[in-house]
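Read the structure below first, then the notes.
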Amino acid sequence: MDVRVRALQTLLTDKGYVDPAALDRIIETYETEVGPHNGAKVVARAWAEPDYREWLLRDATAAIAAMGYSGRQGEHMVVVPNTETVHNMVVCTLCSCYPWPVLGLPPVWYKSAPYRSKAVMDPRGVLSDFGVSVPADVTFRVWDSTAEIRYLVLPLRPPGTEGWTQEQLAELVTRDSMIGTGLPLRAQDVAVTA
Amino acid sequence: MNGVHDMGGMQGYGPVQPELDEPVFHANWERQALALTVAMGATGQWNIDQARSARESLPPLRYMQNSYYQIWLDALENMMVARGLATHQEITTGQLTQPGLPAVKPLARAKVDAALAQGTSAERLVRQPARFAEGQRVRALNQHPMGHTRLPRYVRGHVGTVVKVHGVHVLPDRHAATVQGVDSNEGEWLYAVVFDARELWGPAADPQVRVSVDAWESYLAPLETAA
């Protein structure tokens with residue numbers, strides 16, 4: 001594959017279709033700048049500020065853009081909140097749609113046949129593939145990203161985090177908890193210097 | 001198209017296999033595959049629905065055996081050949097035999113950040129009122145178009161409830177069928193429609209599972225009420 005793609009890049013550069021410096025910048029952006037740490041800050045702020053949470057649930061695109069995250073594959077955002085009785089999970093059964101500005105590029109499993117086939121039929125089974133479970137009376141809401149709407153799960157704030165700063169809260173927010181295939185870390189999972 | 005890509009509800013693929021501390025890329029060629037796909041997309045020679053259509057039109061075995069970045073690469077190469085941007089031989093050898101088309105303007109380094117931060121809105125002006133409202137029961141049409149569509153097979157023919165009116169968005173079926181020079185990016189009302197798992201998968205399904213898809217107005221019919 002390395003040889004094949006190098007040949008393609010050479011050809012497209014020689015044709016004048018791509019600028020190699022632009023390619024480097026695209027890679028740098030998604031490898032080092034954009035990633036789930038962005039989404040974690042959004043979630044932490046929603047946990048800490050009720051007004052922001054309300055805005056995020058009402059107009060996610062604007063509320064997320066206000067934190068500096070916008071653009072490609074996040075043009076139309078919707079945030080879905082977990083509650084004590086509802087657990088949300090996001091999938092794209094048809095391809096690989098994923099909210100890039102807040103989560104970065106999707107992991108391999110998200111684009112794989114097992115996840116794309118199973119999430120809409122057996123989300124509880126998917127969670128157990130991740131070694132996670134939720135109480136039996138919790139309802140699953142699965143969001144299949146079949147259009148240009150991109151979904152982000154707002155997980156429940158873990159107990160025992162009262163008074164934590166947003167920076168501390170963000171440490172608890174895992175990528176998978178924002179897809180719905182995981183839960184946030186617990187307070188005791190991270191060392192906090194209060 | 002009822003393609004291999006339409007995976008919702010298929011069985012036998014085994015458990016999801018998360019990878020601990022997964023890197024963003026697993027090989028250098030994946031970095032280049034991403035960058036080439038994004039940069040060529042920015043030249044405007046095809047739209048996102050045409051790119052998706054090219055990916056899901058790959059030979060089914062190839063689609064299943066490929067990694068996702070390989071799917072992207074195959075589709076990228078096929079789209080370039082189909083549009084006369086390069087020949088198959090050039091792509092195989094990496095050797096240029098004819099100069100590039102001057103009409104194809106590369107995405108410049110200086111414009112990358114702005115292009116990524118802006119993205120491409122799928123929203124269009126509202127030209128007529130929405131046909132459906134939140135809370136309304138609708139049936140996903142039992143239709144099997146040969147071209148690109150975004151109504152997954154597993155909801156077709158089933159009854160759900162509109163839970164959100166998203167706005168007017170570009171209709172992928174028409175957008176993918178764009179002929180160069182002809183504007184086919186008109187919008188249509190888009191809705192989130194939620195289905196009970198038992199409606200989709202039968203009485204043995206988990207009664208505590210609900211699944212929603214985003215469906216355009218022309219994918220849906222109002223539920224005929226009992227006479």
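The table below gives the values:
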read-out: Some residue of the stretch B:24-35 being at negative phi and more than 9 Å from chain A (Cβ to nearest Cβ); value: no
read-out: Residues (in contact with a helix residue (DSSP H, G or I) (Cβ under 6 Å, 6 or more places away or on another chain) and closer than 21 Å to A:Leu57 by Cβ) located in the stretch A:155-180; value: A:Pro155, A:Arg157, A:Pro158, A:Thr161, A:Gln166, A:Leu169, A:Ala170, A:Val173, A:Arg175, A:Met178
read-out: Conditions (1) surrounded by 15 or more Cβ atoms within 10 Å (Cβ to Cβ); (2) closer than 30 Å to A:Leu105 by Cα; (3) among the hydrophobic types (A, V, I, L, M, F, W, C); (4) out of contact with any strand residue (DSSP E or B) (no Cβ under 7 Å at 6 or more places or on another chain): number failed by B:Ala122; value: (4)
read-out: Selection within the stretch A:14-46 - outside any helix (DSSP H, G or I) and out of contact with any Pro (no Cβ under 8 Å at 6 or more places or on another chain); value: A:Gly35
read-out: Residue within the stretch A:51-61 that is of a type in the set (Lys, Arg), at pLDDT 95 or above and over 19 Å from the mean Cα position of the chain (by Cα) present; value: no
read-out: Residues of the stretch A:87-99 satisfying the condition of being within 9 Å of another protein chain (Cβ to nearest Cβ) and hydrophobic (A, V, I, L, M, F, W, C); value: A:Val91, A:Leu94, A:Cys95
read-out: The stretch B:37-81: number of residues that are part of a helix (DSSP H, G or I) and either within 24 Å of A:Ala22 (Cα to Cα) or in contact with a helix residue (DSSP H, G or I) (Cβ under 8 Å, 6 or more places away or on another chain) (or both); value: 31
read-out: Any hit, the stretch B:70-81, residues being touching a residue at least 60 places away in the same chain (Cβ under 8 Å) and either within 8 Å of chain A (Cβ to nearest Cβ) or surrounded by fewer than 13 Cβ atoms within 10 Å (Cβ to Cβ) (or both); value: no
read-out: B:Ser67 out of contact with any Lys or Arg (no Cβ under 8 Å at 6 or more places or on another chain), of a type outside the set (Val, Ile, Thr) and more than 8 Å from chain A (Cβ to nearest Cβ); value: no
read-out: Elements of type helices (runs of 4 or more DSSP H) contained in the stretch A:88-194, each with 3 or more residues being in contact (Cβ under 8 Å) with a residue 40 or more places away in the chain and surrounded by fewer than 23 Cβ atoms within 10 Å (Cβ to Cβ); value: A:166-170
read-out: Filtered residues of the stretch B:109-126 (kept if of a type in the set (A, V, I, L, M) and more than 7 Å from chain A (Cβ to nearest Cβ)); value: B:Ala110, B:Ala114, B:Ala115, B:Leu125, B:Val126
read-out: Any hit, the stretch B:139-159, residues being more than 27 Å from A:Gly125 (Cα to Cα), within 23 Å of the chain's Cα centre (by Cα), among the hydrophobic types (A, V, I, L, M, F, W, C) and crowded, with 18+ Cβ neighbours inside 10 Å; value: no
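The values are calculated or read from the model by the stated rules, or taken from the named source; none is laboratory data. If you're wondering where the values come from, they're calculated on a predicted model, not measured in any experiment. Because the Cβ atoms are built from the backbone with ideal geometry, glycine has one as well, and the counts that use them run over all protein chains shown.
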